[in-house]
Structures are given as structure tokens and as C-alpha cells.
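Trainee: Just dropping this structure here.
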Amino acid sequence: MSGRRPSTPKPGAASIELAARAGKTRVVCLGLSALDQIWRVQEFFSGGSQKIRSVEFATMGGGMAATAAVTVARMGGVASFWGRGGEDAAGREMHQALAGQGVDVSQFRLFPDGQSSVSGIVVDRSGERQIVNFRGQFPEQAGWLPLSEVGAASAVLADPRWVAGAVALFKAARAKEIPTILDADVADPEIFETLLPLTDHAVFSEPALSGFAGSTDDAALAGIAKFGCGVAAVTRGANGVTWLENNVTHRQPAYAVNAIDTTGAGDVFHGAYALAIGACVETADAMSFAAAAAALKCTRPGGRAGIASLEDCLAFQRNGQ
């Protein structure tokens, strides 16, 4: 996220609480892990048959839930990734990379007959990106997940890329009164209709909310809340984040930064938000912290490589810059 400095008061007690509790906060992140191939260019394709030059290339792990898990781990939380990959070169590379970031990958299952998810990402000189993603091919059933372990979690997060897994995880968490957080990226309407009734915190991207609700205004958030979500939110990039809670609309302006790479910013927002909610931070403070974490990530190149530490995020949030 980038944009204006927040007009909200600088955090105090919430930052102290989060710093004290982060190391004991356990977050299960379920969903997509992708291997990202990233090309940096001066300008995007203009259309038609065209060849452009890349000034830099890198391969690294990505995916919504997987990057959220790395965010939790980077910020000192206890992170587990539950997901699927193929028993192929991409799957093995992702598995090893997540483990190297301190994420528990014991439930990141690589299927011999599966194909791992791979993304091609083009980043222009302003830091904006375009993505093409192959979501992979794996069995949908989730009976192998260790749902008995959910009771030890402080919060659970899922993206919409593995519906059966998300349903199983959210139902188990609901039974234990553990907060459920949905990274609501673009998906078919029936997926949201299935997951939203099990969701406590639904955090949409603008394209996802527009595609599902027909708009991104406050009325759209009210429609999401009708599914039973305690918090219905939409991230707006440089315009911050808006959320509805207890029938009251709240807004968190974006932090002012010089963005050089927005890759993974939304995933970082969700991971930081899940960590804060798991640490029992109030919603407004969790939104402010997540916005700061996403903005700080945008000032650094790379997706996961640009994720800041908890200390850096809290300092950035305190200073409002």
C-alpha cells in the first residue's frame, strides 16, 4: 500500500501488546503456494504481438497463503502452511524455501501426480505488476489435514484457491472459537458464498469485491457482512483500507511511501493482519499495523524478500512514515 500518511493517532499500547505476544501467536495459513518468475521491465506490453526487454529476472516463492505464512514467521510469529503442490521441481523448491523461512511445512503436501502452481510476474519501473498464474492441479479432498491441531492456533487464514481445505479449516476453527480470516482475492461467486458464512474477518481486494458484489462501495461491504462476517473489509492500495464492523464504517488511510515494487503487498497485509488478530489486537490497530507492513514492503524489491521484521514495521507505524 502507498499513499497519504494516516490521520489516525500513533499506536502505543497496541504496539507493545503485539510485540509482547507475537512470539506466542500461532497462525495456520491454508491455500496457494506458487513459484513466481519475475521480470522487471521499463514499461508493460502495449498490446498485440510484441517483444520487450527485461532488465532483471528472478525466481522465488509466492502465493497468497504461503506468503502470508512467511510474513507471520518473519514477524516472529509461529507460522504453519497447509497446502498442496506437485512432486516436481517447482514443488520441491517451494517446500524447501518455506521451510528455510521458518514456516512449518509438515502439511504442505506434494502429490506425485500433481502439478505445482507457477506464476509469471512482470513489474514495471513504477513498481506496479501484471501476473499470469497457473494454479496447479491437485486432489481437492482435504481429509488428510490434521484438524485436531487447529485448537493450538491463535488465528487461521485461508485464500479461496482450495475450497475444501478452507471449509475444513474454518469449521474446525469456528468450533474452537478461533478467528477465521479470508484473503478474498478474485474467485467465482459460489466460492465466496461457501466460505463467507464461515469467515469472521473477510478482507477483499477491490477487484474481488467488485466482481462478487458489483461495486466496492460501503454498501458492498454491508452485503458481505450479511453473510455473518464480523469484519468486512476492502483494501484499496494507495487509498488505504475500508472496513465495516458492528454496522460502523471505518477507514485507515495508506502510509506515504515511495513504492518500488508492489509484488506481494496484499499477501503481506493479510499475514500481518492475521498475526495481529491472533495476538488479540483490536481491529483498528490490526488494520493500521497491516497497512504499515504492506506499505513498508512496497519500498523494497521482491515479494517475500521485501517483508520487514516486526520491529521495523512497528517503528514505521509509530513514525507514520
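The values are calculated or read from the model by the stated rules, or taken from the named source; none is laboratory data. Only a predicted model underlies this, so the values are computations on that prediction, with no experimental measurement involved. Because the Cβ atoms are built from the backbone with ideal geometry, glycine has one as well, and the counts that use them run over all protein chains shown. Quick note on the areas: whole protein, heavy atoms, side chains included, nothing else; ligands and nucleic acids left out. Shrake-Rupley method; radii C 1.70, N 1.55, O 1.52, S 1.80 Å.
One line per residue, one yes/no per condition, for (1) at positive phi; (2) modelled with pLDDT under 95; (3) open to solvent by 10 Å² or more (accessible area, probe 1.4 Å); (4) touching a helix residue (DSSP H, G or I) at 6+ places or on another chain (Cβ under 7 Å):
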site: Asn258; (1), (2), (3), (4): no, yes, yes, no
site: Gly271; (1), (2), (3), (4): no, no, no, yes
site: Ala274; (1), (2), (3), (4): no, no, no, yes
site: Ala295; (1), (2), (3), (4): no, yes, no, no
site: Cys313; (1), (2), (3), (4): no, yes, no, yes
site: Arg318; (1), (2), (3), (4): no, yes, yes, yes
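Trainee: Residues in the range 123-133: is at least one of a type in the set (A, V, I, L, M) and open to solvent by 30 Å² or more (accessible area, probe 1.4 Å)?
Mentor: Within the range 123-133 (the criterion being of a type in the set (A, V, I, L, M) and open to solvent by 30 Å² or more (accessible area, probe 1.4 Å)), the answer is yes, since at least one residue qualifies.
Trainee: Any idea which residue in the range 55-77 is farthest from Arg21 (Cα to Cα), counting only those that are assigned to a strand (DSSP E or B) and touching a strand residue (DSSP E or B) at 6+ places or on another chain (Cβ under 6 Å)?
Mentor: Applying the filter and picking the extreme gives Val55.
Trainee: Looking at Gly228, Gly240, can you tell me which residue is open to solvent by 40 Å² or more (accessible area, probe 1.4 Å), of a type outside the set (D, E, K, R) and at positive phi?
Mentor: Step by step, each of Gly228, Gly240 is checked, and only Gly228 is open to solvent by 40 Å² or more (accessible area, probe 1.4 Å), of a type outside the set (D, E, K, R) and at positive phi.
Trainee: A further question on this structure: Just a yes or no: is a residue in the range 135-142 in a loop (DSSP other than H, G, I, E, B), free of Cβ contacts under 8 Å to residues at least 24 places away in the same chain and surrounded by fewer than 16 Cβ atoms within 10 Å (Cβ to Cβ)? Explain how you work it out, then say what you get.
Mentor: If we filter the range 135-142 for residues that are in a loop (DSSP other than H, G, I, E, B), which is where we start, we get 135-136, 138-142.
If we keep only those that are free of Cβ contacts under 8 Å to residues at least 24 places away in the same chain too, we end up with 141.
Next cut, surrounded by fewer than 16 Cβ atoms within 10 Å (Cβ to Cβ) only: 141.
Scanning the range 135-142, I find at least one residue that is in a loop (DSSP other than H, G, I, E, B), free of Cβ contacts under 8 Å to residues at least 24 places away in the same chain and surrounded by fewer than 16 Cβ atoms within 10 Å (Cβ to Cβ), so the answer is yes.
Trainee: Mind checking whether some residue in the range 279-288 is part of a helix (DSSP H, G or I), out of contact with any Pro (no Cβ under 8 Å at 6 or more places or on another chain), among the hydrophobic types (A, V, I, L, M, F, W, C) and more than 17 Å from Val241 (Cα to Cα)?
Mentor: no
Trainee: Same structure, new question: For the range 289-321, how many residues are in a helix (DSSP H, G or I), touching a residue at least 40 places away in the same chain (Cβ under 8 Å) and basic (Lys, Arg)?
Mentor: Of the residues in the range 289-321, 2 are in a helix (DSSP H, G or I), touching a residue at least 40 places away in the same chain (Cβ under 8 Å) and basic (Lys, Arg).
Trainee: Of Ala276, Ala259, Ala265, which residue is in contact with a Lys or Arg (Cβ under 8 Å, 6 or more places away or on another chain), more than 13 Å from Val234 (Cα to Cα), in contact (Cβ under 8 Å) with a residue 24 or more places away in the chain and not acidic (Asp, Glu)? Reasoning before the result, please.
Mentor: On the way: Ala276 fails: in contact with a Lys or Arg (Cβ under 8 Å, 6 or more places away or on another chain); Ala259 fails: in contact with a Lys or Arg (Cβ under 8 Å, 6 or more places away or on another chain).
Checking each option against the conditions leaves just Ala265.
Trainee: Starting from residues that are in contact (Cβ under 8 Å) with a residue 60 or more places away in the chain and in a loop (DSSP other than H, G, I, E, B), keep the ones in the range 143-162 and report whichever is farthest from Phe204 (Cα to Cα).
Mentor: Leu145
Trainee: Of the conditions (1) open to solvent by 40 Å² or more (accessible area, probe 1.4 Å); (2) more than 23 Å from Asp261 (Cα to Cα), Val55 fails just one. Which one is it?
Mentor: (2)
Trainee: Right, here's the next one. Considering each residue of the range 189-221, count those that are farther than 19 Å from Ile277 by Cβ and part of a loop (DSSP other than H, G, I, E, B), and give that number.
Mentor: Qualifying residue count, the range 189-221: 4.
Trainee: Which one of the conditions (1) open to solvent by 50 Å² or more (accessible area, probe 1.4 Å); (2) assigned to a strand (DSSP E or B); (3) polar (S, T, N, Q) does Ser80 fail to meet, given that it meets all the rest?
Mentor: Condition (1) is where Ser80 drops out.
Trainee: Is it true that some residue in the range 163-181 is in contact (Cβ under 8 Å) with a residue 60 or more places away in the chain, within 25 Å of Leu209 (Cα to Cα), in contact with a Gly (Cβ under 8 Å, 6 or more places away or on another chain) and open to solvent by 10 Å² or more (accessible area, probe 1.4 Å)?
Mentor: yes
Trainee: Checking Asp267 against (1) surrounded by fewer than 19 Cβ atoms within 10 Å (Cβ to Cβ); (2) assigned to a helix (DSSP H, G or I): exactly one of these is not met. Which one?
Mentor: For Asp267, the failing item is (1).
Trainee: Just to be sure I understand, how many residues within the range 92-106 are assigned to a strand (DSSP E or B), open to solvent by 30 Å² or more (accessible area, probe 1.4 Å) and of a type outside the set (Gly, Ala, Ser)?
Mentor: Here is the first cut: in the range 92-106, the residues assigned to a strand (DSSP E or B) are 104-106.
Checking which are open to solvent by 30 Å² or more (accessible area, probe 1.4 Å) leaves us with 104, 106.
Right, trim to of a type outside the set (Gly, Ala, Ser) and you get 104.
Going through the range 92-106 one residue at a time, the tally reaches 1.
Trainee: Could you tell me whether the range 40-47 includes any residue that is at pLDDT 95 or above and either touching a Pro at 6+ places or on another chain (Cβ under 6 Å) or open to solvent by 70 Å² or more (accessible area, probe 1.4 Å) (or both)? Working first, answer last.
Mentor: Step one: list which residues in the range 40-47 are at pLDDT 95 or above, which gives none.
Checking the range 40-47: not a single residue is at pLDDT 95 or above and either touching a Pro at 6+ places or on another chain (Cβ under 6 Å) or open to solvent by 70 Å² or more (accessible area, probe 1.4 Å) (or both).
Trainee: Tell me, which residue of the range 243-256 that is of a type in the set (A, V, I, L, M, F, W, C) and in a strand (DSSP E or B) is surrounded by the fewest Cβ atoms within 10 Å (Cβ to Cβ)?
Mentor: Val248
Trainee: Return yes when Ala284 is surrounded by fewer than 23 Cβ atoms within 10 Å (Cβ to Cβ) and within 21 Å of Ala155 (Cβ to Cβ) and no when it is not.
Mentor: It is true that Ala284 is surrounded by fewer than 23 Cβ atoms within 10 Å (Cβ to Cβ) and within 21 Å of Ala155 (Cβ to Cβ).
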